[in-house]
Amino acid sequence: MSNWKNTLLHYVGLGNYDRYVEGLIKKSIAVYHRGGKINRLRALRMYNKIRKNYGCCFPPRITVGKNLYIAHAHGIHVGKTAVIGDNCKIYPNVLIVASVVGDAQLRSKGAKRWHPKIGNDCLLGAGSIIMGPIEIGDDVIVGAGAIVTKNVPPHSVVKNTNEITPKRAPVPAKDLDDSWEKP
Ligand SMILES: CC(C)(COP(=O)(O)OP(=O)(O)OC[C@H]1O[C@@H](n2cnc3c(N)ncnc32)[C@H](O)[C@@H]1OP(=O)(O)O)[C@@H](O)C(=O)NCCC(=O)NCCS
């Protein structure tokens, strides 16, 4: 979408940059998972456009559940074997990545996944780094700026580096912010 078109749509309350980029990302993933060489090629073309124009890296081969919500589509990088569950909410500059050294070791052993697996209903705070073939349980909040390199049990909050505490309130992570919108 051109910058002017997006600006005008936003001005009249019809457009939203973040929802637009989120839509492109979801489309590239859906197209890739339809299978076939042509679809994979189309998906990779969309992936490259999203990377170049919007600064988000979502390789189309990743597994993503229903209702992914990308709060602000900037600087998000997801590794190609990552898995993201249903109803997850991702803030800007989140990295869901491999641990590089561990990544090489796992690959040489023929592992199928060397990036994190995020459960359902999780909220990944701005600037958080989730690293390695770990599993984040359902309904987990990863605080802004947290570094997570260990498995996280369901219904927890992670702050700082691997500082895991149980969630205080029984409110699903995805409902904590009223800006949550169903795509
Ligand atoms: C992790 C989070 C959900 C915690 O919320 P909370 O339970 O309401 O926490 P509180 O605000 O009551 O703070 C409790 C303590 O944790 C600290 N804290 C809160 N968030 C923290 C974080 N991300 N990293 C480190 N410490 C944090 C607070 O300073 C406070 O410390 P204190 O007890 O010494 O005063 C929240 O702070 C957070 O990081 N949300 C994500 C926000 C975000 O990404 N916004 C981007 C919008 S684009």
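Just so it is clear, none of the values below were taken in a lab; they were calculated from the coordinates. Every value quoted in this text rests on a predicted model; they were computed, and no experiment measured them. Here the Cβ is made from the backbone with ideal geometry for all residues, glycine too, and neighbour counts use every protein chain on show.
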Dividing the mean separation of Cα pairs under 8 Å (6+ apart) by the residue count of the stretch 62-167 yields a relative contact order in percent of 20 percent
Sequence order, the stretch 112-120: Karplus ³J(HN,Hα) from phi using 6.51 cos²θ - 1.76 cosθ + 1.60, θ = phi - 60°, Hz rounded, Gly and Pro as x, gives 8, 9, 10, 10, x, 10, 9, x, 8
Residue-ordered couplings for the stretch 59-69, obtained by feeding phi - 60° into the Karplus form 6.51 cos²θ - 1.76 cosθ + 1.60 and rounding to whole Hz (Gly and Pro as x), are x, x, 7, 5, 9, 10, x, 6, 6, 4, 10
Summing -39500 (n - 2.57) over every DSSP H run of at least 4 residues in the chain and dividing by its residue count gives a helix-only mean residue ellipticity at 222 nm, to the nearest 500 deg cm²/dmol, of -9000 deg cm²/dmol
Per the 1/(1 + (r/R0)^6) rule, R0 = 22 Å and r from the Cβ atoms of residue 107 and residue 161, FRET efficiency to 0.05 is 0.30
With +1 at each Lys and Arg Cβ and -1 at each Asp and Glu Cβ, the charge dipole magnitude of the stretch 1-56 around its Cα centre, to the nearest 20 debye, comes out at 400 debye
Amide H contacts under 5 Å for residue 64, restricted to residues at least 5 apart in sequence or on another chain and with H modeled in the peptide plane, are 84
The size of the Cβ-based charge dipole (Lys, Arg +1; Asp, Glu -1) of the stretch 62-167 about the Cα centre, to the nearest 20 debye, is 320 debye
Relative contact order as a percentage, the stretch 1-56, C-alpha pairs under 8 Å and 6+ apart, gives 24 percent
The extension gain from residue 72 to residue 16, computed as 0.36 nm times the residue separation minus the Cα-Cα distance, is 19.1 nm
Taking the alpha-carbon centre of each part, the distance from the stretch 3-82 to the stretch 84-109 in Å is 18 Å
Computed for the chain: size of charge dipole around the Cα centre, +1 on C-beta of each Lys and Arg, -1 on C-beta of each Asp and Glu, debye to nearest 20, value 1120 debye
Expected vector for the stretch 144-151, Karplus 3J(HN,Hα) from phi with 6.51, -1.76, 1.60 and θ = phi - 60°, integer Hz, x for Gly and Pro, equals 4, x, 6, 10, 10, 10, 10, 4
Residues whose built amide H sits under 5 Å from the amide H of residue 121, excluding neighbours closer than 5 in sequence, are 86, 87, 88, 139
Over the Cα atoms of the chain the radius of gyration and the largest Cα-Cα distance (Dmax), both in Å, equal 16.6, 54
